[in-house]
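Below is one structure; the comments refer to it alone.
Each value in this text was obtained by applying a stated rule to the coordinates, not by laboratory testing. Just so you know, these numbers come straight off a predicted model, no measurement behind them. For neighbour counting, all protein chains shown are included, and Cβ atoms are generated from backbone atoms with ideal geometry for every residue, glycine included.
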Amino acid sequence: MKKYALCLLAALLSAGAAQAQEWPNKPLRMIVPFMAGGGPERVIRSITNGLGQQLGQPVVVDYKAGAGGNIGASELARAGGDGYTWMVGPESVVTINPYVYKRLGFEVKDVPAATLVGGLAHVLVCKPALGVKSVAELVSLAKTKPLVYATGGAGTAAHVAMEMFLEAASLNMTHVPYKGPLAAAQDLLAGHVDCSFVVESTVAEFVKTNKLNGLAVSTKVRSTVLPNLPTMQESGFKDYDVTVYTVIFGAAKVPANIQAKFDAALKVVSASAEVREAIQQSGLIPVWSNSEVAQQEMQRQSQRFGTILKRLNMTLD
């Protein structure tokens, strides 16, 4: 009986190893935790197409919008670690949401970062009527009169970006949250609010056509889309950096050999002309990494953003 049990165990282990070695033998799913068209669509499609070619199986995009990305992340956490379900989305799901939402619906440890894809810049913009064209001018004006700033929502990366600026400059402004960055930009254009940090892709054309005054970008390096704008660091805030990463997340307990095969495929895909062009056109700063580096960066970002979010003491359902 003991011999039979040992044989059975060996057979099961052998079967499991063989199955892992054969991965993938069916289509993969890439969860996107926002609505179609709500993110760097071209980048996502180029990555999934490239992964499909490298892995020999199609990668199906599955939109799971809602709750700031929590619904998509919850879906990923429930998928298990067989290597067939992944997610591409904003880092805020694991670096901001845990400080803001009362109920995440998942544990951060269950959705580890597999790779950083690119860094997204926010642009500090003001309505032209305000008459400021630099960060220094905005700081001077804000010390003499009350100003109102908009964001695409409380607890978003734009909210964190503005609060980090206000703290560094020892300023106070009134916050008006909107339902998304486009709504915030529209009220800026209408002159109802004074300034905002807005995702670059949303306001780039408004800055280029002088419908909004662009003052600086939130990232450590200048934007390729708006190269004439200085960084916040160049504007006198030497430690300022709000680079919001687009990240590919995996489920916890993905076997090491599957993770290695996925990483190898991603490395090839990241170097492809299609993906490089898509990232450049979207305004992302390419920052491909392995899973270890990605997870370390998510921990660092979480600590940085958490300091501001704990001070703001906000909660969302």
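List the lysines whose Cα sits under 22 Å from the Cα of LYS127, skipping any in the same chain fewer than 8 residues away. Within reach: LYS143, LYS145, LYS179, LYS208, LYS211. Per residue, the chain reaches -13500 deg cm²/dmol at 222 nm when only DSSP H runs of four or more residues are counted, each adding -39500 (n - 2.57). A Förster distance of 35 Å, applied to the separation of the beta-carbon atoms of LEU171 and ARG42, puts the FRET efficiency at 0.40. Residues whose amide H falls under 5 Å from that of MET232, counting only those 5 or more places apart or on a different chain, are VAL217, THR219, with hydrogens built in the peptide plane.
Expressed as a rounded percentage, what relative contact order does the chain have, with Cα pairs under 8 Å and six or more residues apart?
Values: 595 pairs, mean separation 85.0, N = 317.
Worked out over the chain, it gives 27 percent.
Taking amide H positions as modeled 1.01 Å from N, with prolines and chain starts lacking one, the residues under 5 Å from TYR101 and 5 or more places away or on another chain are LEU316.
In nm, what is the difference between 0.36 nm times the number of residues separating ASN210 and GLU274 and their Cα-Cα distance?
On the way: separation 64, 0.36 × 64 = 23.04 nm, distance 3.13 nm.
Between ASN210 and GLU274, full extension yields an extra 19.9 nm.
Computed over the chain, the Cα gyration tensor eigenvalues convert (square root of 5λ each) into semi-axes of 42, 20, 16 Å, ordered from largest to smallest.
Relative to the longest principal axis of the Cα atoms of the chain, the long axis of helix 273-282 makes an angle of roughly 30 degrees. Against the chain, whose longest principal axis is taken from its Cα atoms, helix 157-169 shows a tilt of about 50°.
Can you pull the percent of Cα pairs in segment 122-217 with separation above 15 Å?
Working: 2388 of 4560 pairs.
In whole percent, the share of Cα-Cα pairs in segment 122-217 beyond 15 Å is 52.
Rounded to the nearest 10 degrees, what's the angle between the helix 2-21 long axis and the longest principal axis of the chain, both from Cα atoms, 0 to 90? Tilt relative to the chain: about 40 degrees.
The amide H of VAL176, built 1.01 Å from its N in the peptide plane, has TYR149, ALA150, THR151 as neighbours under 5 Å, considering only residues 5 or more places off or on other chains.
Loop-resident GluC sites (Glu not before Pro) (DSSP state other than H, G, I, E or B) in segment 87-181 with no more than 14 further Cβ atoms inside 10 Å of their Cβ: GLU107.
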